[in-house]
2 protein chains.
Amino acid sequence: MTDRTLLPLVDAPPPERRDAARNREALLRAAEELVEGSCSVENVTMDAVAAKAGVGKGTVFRRFGSREGLMAALLDHSETEWQARVISGPPPLGPGAEPMQRLEAFGRSRLELNLLTADLIRAAGRAGTRSYAAYSFVAMHVRHLMNELGTEGDVALLSTALLAPLEVPILEQQVRVEGISVERIYAAWVDLARRVTQTP
Amino acid sequence: MTDRTLLPLVDAPPPERRDAARNREALLRAAEELVEGSCSVENVTMDAVAAKAGVGKGTVFRRFGSREGLMAALLDHSETEWQARVISGPPPLGPGAEPMQRLEAFGRSRLELNLLTADLIRAAGRAGTRSYAAYSFVAMHVRHLMNELGTEGDVALLSTALLAPLEVPILEQQVRVEGISVERIYAAWVDLARRVTQTP
């Protein structure tokens with residue numbers, strides 16, 4: 001108890017870094033609000049983000065390097081927020097619902113997230129690839145729900161068949177090129193999930 | 001009958017173009033034999049292809065522009081040959097077998113082709129993307145077999161779940177990074193195909 005306050009805690013960043021993180025968080029929140037407000041990433045310029053967050057444009061550039069860098073950070077941020085909702089958010093996406101209800105909620109929210117992030121990935125240019133860690137989280141979650149459902153067989157490989165139709169290039173082709181509705185894709189995905197997991 | 005030989009037929013290219021096509025075919029066959037002989041695309045250099053086909057290196061460069069161009073042509077060529085086997089080759093990949101047998105043969109041969117072409121795609125660099133027409137053929141074939149099997153539901157969307165696990169990036173991750181055997185992937189794919197098509 002005595003000298004605790006003098007010793008840095010392993011998890012606590014030094015004060016400057018904590019300020020920088022808060023700053024960064026505020027800029028990302030401003031950018032996110034701009035995306036949500038216009039339903040498009042086109043209007044999210046470095047100027048607009050600076051104005052919304054009440055800082056100079058130079059600060060935004062120093063923090064993210066370029067608009068592509070900002071888009072890549074936003075991509076990462078939206079993925080992390082989504083993961084938090086899966087881990088500890090309200091059911092049925094979060095814990096507390098039946099596994100099939102959770103699987104359906106997963107499919108719907110991943111579908112929506114990936115359609116939104118398709119634009120971010122494009123805007124992020126070469127910086128816009130998702131980490132393997134992001135895919136890995138999604139794969140682990142689906143395997144966990146399949147195990148909860150008592151799915152028999154090679155669950156690790158069967159899960160790829162549930163994940164792949166939700167991936168960005170496939171959704172972009174179906175929605176933006178072929179004009180298939182999100183409702184139809186979701187209904188087919190739920191049907192697929194029931195067939196693969198053999199849940200009536 | 002009289003002046004037929006004087007009129008060019010719509011499908012017949014002029015003699016020079018026919019020669020060029022034969023030449024191109026011979027070079028691609030030489031490149032293909034080099035790939036098969038070494039089970040690797042690394043040894044397939046412009047020099048090696050020229051030597052094997054008995055022509056000067058300049059001819060290979062004139063025909064394909066660069067090694068990347070040759071790899072892209074080889075990719076296209078192997079896709080076309082595979083399509084011909086599906087359309088009119090021997091069963092069970094070609095016509096004449098039961099639909100489930102054909103679907104299984106499709107899965108096995110697509111799996112093998114895609115693992116081989118993964119190397120070609122990498123070696124072809126920026127030229128190394130498959131055309132949408134190639135994907136379209138594969139999707140049409142699987143939908144056709146699902147209809148033959150009497151699969152109910154949204155066959156167009158359900159078929160994406162059968163196609164996605166056979167795609168190059170997924171196979172590369174499983175085989176080259178995670179070390180999963182081709183046999184295990186094939187067995188899981190057949191199980192998946194039976195679940196999705198609801199074939200016992």
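Per the Debye calculation on chain B with a single equal scatterer at every Cα and no solvent contribution, log₁₀ I(q)/I(0) for q = 0.09, 0.12, 0.15 Å⁻¹ amounts to -0.44, -0.73, -0.99. Once the Kirkwood radius over Cα pairs is known for the range A:125-200, the Stokes-Einstein relation at 20 °C and 1.002 mPa s delivers a diffusion coefficient of 156 µm²/s. Note on B:Glu25, A:Glu167, A:Glu68: ascending count of other Cβ atoms within 10 Å places them as B:Glu25, A:Glu68, A:Glu167, the fewest first. A Förster radius of 22 Å combined with the Cβ-Cβ distance from B:Ala97 to B:Met140 puts the calculated FRET efficiency at roughly 0.75. Go ahead and run the numbers for FRET between A:Thr80 and A:Thr199, Cβ-Cβ distance against an R0 of 45 Å, rounding to 0.05. Efficiency, rounded to the nearest 0.05: 0.90.
Explain nothing, just the number: relative contact order of chain A, from Cα pairs under 8 Å at least 6 residues apart, as a whole percent.
For chain A, the relative contact order is 16 percent.
Report the semi-axes of the equivalent ellipsoid for the range A:12-65 in whole Å, largest first, where each axis is √(5λ) for an eigenvalue λ of the Cα gyration tensor.
Details: eigenvalues 99, 28, 13 Å².
Calculated on Cα positions only, the semi-axes equal 22, 12, 8 Å.
I'd like the FRET efficiency for B:Ala26 and A:Asp19, computed as 1/(1 + (r/R0)^6) with the beta carbon distance as r and R0 of 51 Å, rounded to 0.05. Mind showing how you got there, number by number?
Numbers: r = 68 Å, r/R0 = 1.33.
About 0.15, to the nearest 0.05.
For the protein assembly as shown, the percent of C-alpha pairs falling in each 20 Å distance bin, counted from 0 to the bin holding the largest distance, reads 21, 45, 28, 5, 0, 0.
Only the coordinates and a few stated rules stand behind these numbers; no lab work does. The structure displayed is predicted, hence computed values, not measured ones. Counting neighbours? That spans all protein chains shown, and the Cβs are built from the backbone with ideal geometry, glycine included.
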